[in-house]
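Since the structure comes first, as structure tokens, the remarks are kept for the end.
Since every read-out is calculated from the coordinates, none of them should be taken as a lab result. For clarity, every value in this text was computed on a predicted model and none was experimentally measured. Positions of Cβ are generated from backbone atoms using ideal geometry, with glycine treated the same way; all protein chains shown enter the neighbour counts.
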Amino acid sequence: MSRDKSSTRATIRTARAFTRRTVLQGAVATGALAAVGPWVIREGRAGSGSFNFIGWAGYDAFPAIFETFKADTGVTVNFTALPDQDAMFAQVKATGGEGFDLVEPAEDRVPNWVEQGLLRPLDESKLGLEGVNEGFLGGNTIIDGKRYGSPTVWGTEALCFNTEKAPLEYGKASYGDLWRPEFEGKVTVRPHSSLVGIGLWLEGEGKLPKPMRESFKNEETMIQNYDVIIDVAVKNRKSIGQFWKDENTAQGAFRTNGMVLGQNWDTSAAALIKEGLPISYVAPKEGAISWLQAFIMPKGATNMEQAYEWIRWINSAKGSALWADAYTANPTAKGAEALVNEFTSKFLAMAYPGDALKKIWAWPAQPTWFVTKRTEYADRLQAA
């Protein structure tokens, strides 16, 4: 059923509250986000110090949070915003891990950073992990018994749609809707993750050689699955009116370039809804693709105590809620879900109705060989 701007906002206002209970029973139980800069916050109190932080571009609320952190701790954040984690990785690799103290990629990519020798293990006694919901403390950042990441926020990539021109309904909405003929030329996707969406759709239809998750375990299985996926993607290439790679291009696709449907981050949809556009966001029946971000420390970090101060602050209920609000994403600290603002709470409830959290599909670890191969397939889609 089509909904106009006012009804979209009303849906957010009246949706049920998003709680830690639903988070832990859903995304965490299943295993489970951007190019300008740098933003530099003025120096803090004498002797308080500062640290250098690489994060995601496209989030205007960050400077205010850095100021709040400085008021609480006296520590200054020198922030460099990059569009995606490939750019973050390239920046740190170019310096050999020197010049930056913290980075915030998705935790499924952390093994790739460790393989390249770019990180130092974190000192767990300085992280304030007692403040974090236990369900977020395992996963891909524990390597050879050492912790390389501290969780920050989590969210998903699912279906963003124009409620007037491409209405979707939870329970029926599918990644396959992106390729319906009536939306030809009006779809926006990120190249490499759209292939995962196609894979999940094909798996649900019984048309994928092996389960999608097994694609991440070895190259032979990946090639078997991705050869099928790329054939479907290229066949439907004319549906894609614009590729996106970061918050700015994702939002611009809907705001100014005429796209009506996309496979996007929840944070992109939330920003557009805040502007009053007729946009909504929903998990498809195959499951929203979830990401969990983490703070990691390059091996050349020099302002470690200040960086640890930031991590401890984010692992408190207050800091976690503010950081989640900045993204319109989900916090990871205990009690933080009760502190997020009303818009964040209601948006998340709208995005994941019914049993959506039970169907979350968490990104598996992406080792170097996988990232290399997925890029080859993504390039083929873009060139088609």
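Tabulated data for the structure shown
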quantity	calculated
5 angstrom amide H check on VAL132, placed H, neighbours 5+ away	LYS334
Nitroxide proxy distance, nm - points 7 Å out along Cα→Cβ at LYS172 and ALA61	3.3
Two-site FRET efficiency, GLU98 against ARG380, from Cβ-Cβ distance with R₀ of 51 Å, rounded to 0.05	0.90
Compactness index (Cα Rg / 2.2 N^0.38 Å), the stretch 99-179	1.56
Fewest-first ranking of MET88, MET259, using other Cβ atoms within 10 Å as the exposure measure	MET88, MET259
Inter-label distance, nm, simple model (7 Å from Cα along the C-beta direction), GLU184/GLU214	3.6
Pairwise label distance in nanometres, ALA71 with LYS245, each label 7 Å out on the Cα-Cβ vector	3.7
Convex hull volume per residue in cubic angstrom - Cα atoms of the stretch 93-250	177
Electrostatic dipole magnitude of the chain [Cβ: Lys, Arg +1; Asp, Glu -1; Cα centre; debye, to 20]	720
Normalised alpha carbon radius of gyration of the chain [divisor 2.2 N^0.38 Å]	0.95
Ranking of ILE279, ILE143 by count of other Cβ atoms within 10 Å, fewest first	ILE143, ILE279
